[in-house]
Amino acid sequence: MYQELLAPIHSFLKAETPDSWIDEAKKPENLHIILRDHMLCELKAAQSALFLIRKYAVDKESAIQLNEWIKPYEEFAYRRKGDLESLRGNSNASKQITAKDGCAYGDDLIDKMVLLIKEELHHFYQVMELMEKKGVTYQPIEAGRYAKGLIKHVKTYEPDALVDKLIIGAFIEARSCERFAKLAPFLEEDMEKFYVSLLRSEARHYQDYLELAEQIAGKDISERVAHFARVEAELITSDDSDFKFHSGAPVIAA
């Protein structure tokens, strides 16, 4: 029912999630890893989007407001402060975010990234709810190699660095969408419905990142997209001993 939505994502990505990853992810004993890492992935996605608009597009007052917006989620994730009740409804931005003077793409970057942050923080909260329902106790979990493996290829000068970061954002969102869809049929009904419900927003996020990258570059970015497609495919298909939501082919200890 969602194959039309996934078709451009499968074309964009140059490798499919290995069946061996699905085999590990669907095991009941790995549910706690999937949910804890998924929740932190939602926060990291919001943090990455916030970093981009704070660094490139907004005035000082708006940067402060953005930091305050995400702070309760960071406090829970990294310091175990707060709970479902204290985070309820916090995903909505309550104040106007203003582009700084002279930033030609500021308004577009802000519009797309603020919506993305709002949705990612709401997803964070929804995963928290699932964890409570499933009896999964939250404990911080170290990041895997995936995002780091992409970021180390970012160019060091602007605006190419920003363009690369946006391309990476597109790949992370597209991979999340592909993985949600592939894993969903093997999960319990409530998790399956939740993961399917995420597909539409994740698909739009990847498109938003790519459109911004093309707009800001002002030139053909197909070569950089192809480069990151190769890097991303290698990270997803190569052996990986650290099982996470975006990890590669699992290497199981004997």
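The values are calculated or read from the model by the stated rules, or taken from the named source; none is laboratory data. As the structure is a computational prediction, the values presented were derived from the model and not from experiment. Here the Cβ is made from the backbone with ideal geometry for all residues, glycine too, and neighbour counts use every protein chain on show. Quick note on the areas: whole protein, heavy atoms, side chains included, nothing else; ligands and nucleic acids left out. Shrake-Rupley method; radii C 1.70, N 1.55, O 1.52, S 1.80 Å.
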For the chain, with +1 on Lys and Arg beta carbons and -1 on Asp and Glu, the positive-most of Gln3, Leu35, Pro185 along the dipole: Leu35
Quick one: if you take sqrt(5λ) for each eigenvalue of the C-alpha gyration tensor of the chain, what semi-axes come out, biggest first, whole angstrom? 28, 24, 16
Low-density loop positions, GluC sites (Glu not before Pro), segment 169-239 - DSSP coil, at most 13 other Cβ in 10 Å: Glu188
Which of Thr137, Thr98 is most accessible, then next, and so on - probe 1.4 Å: Thr137, Thr98
Checked against a 26 Å limit on the C-alpha separation, the offending pairs among Lys44/Lys133; Lys26/Lys134; Lys14/Lys44; Lys112/Lys133; Lys71/Lys112; Lys165/Lys193 are Lys112/Lys133; Lys165/Lys193
Given Cα pairs under 8 Å that are at least 6 residues apart, what percent is the relative contact order of the chain? 28 percent
Please enumerate, by chain and number, the aspartates and glutamates with C-alpha under 20 Å from the C-alpha of Lys60, excluding those fewer than 8 residues away in the same chain. Glu68, Asp101, Asp107, Asp108, Asp111
From Cα pairs below 8 angstrom and at least 6 apart in sequence, can you work out the relative contact order of segment 148-254, rounded to a whole percent? 28 percent
Using only the alpha-carbon atoms, what does segment 69-120 span along each of its principal axes? Please give whole angstrom values in decreasing order. 39, 18, 17
Please report, in cubic angstrom per residue, the volume enclosed by the convex hull of the alpha-carbon atoms of segment 1-131. 154 Å³
Estimated [θ] at 222 nm from DSSP helical runs (n ≥ 4, -39500 (n - 2.57)) normalised by residues in the chain, nearest 500: -22500 deg cm²/dmol
The longest stretch of the chain containing none of the chymotrypsin sites (Phe, Trp or Tyr not before Pro) that sit in a DSSP loop with at most 16 other Cβ atoms within 10 Å is 3-104
Over segment 2-250, with neighbouring protein chains present, the accessible area per residue in Å² at probe 1.4 Å is 47 Å²
Counting Lys and Arg as +1 and Asp and Glu as -1, each charge on the Cβ, what is the dipole of the chain about the Cα centre in debye, to the nearest 20? 540 debye
So how exposed is Asp239, as accessible area in Å² (1.4 Å probe, rounded to 10)? 110 Å²
Of every hundred units of 1.4 Å-probe accessible area on segment 136-216, the number belonging to carbon and sulfur atoms, as a percent, is 53 percent
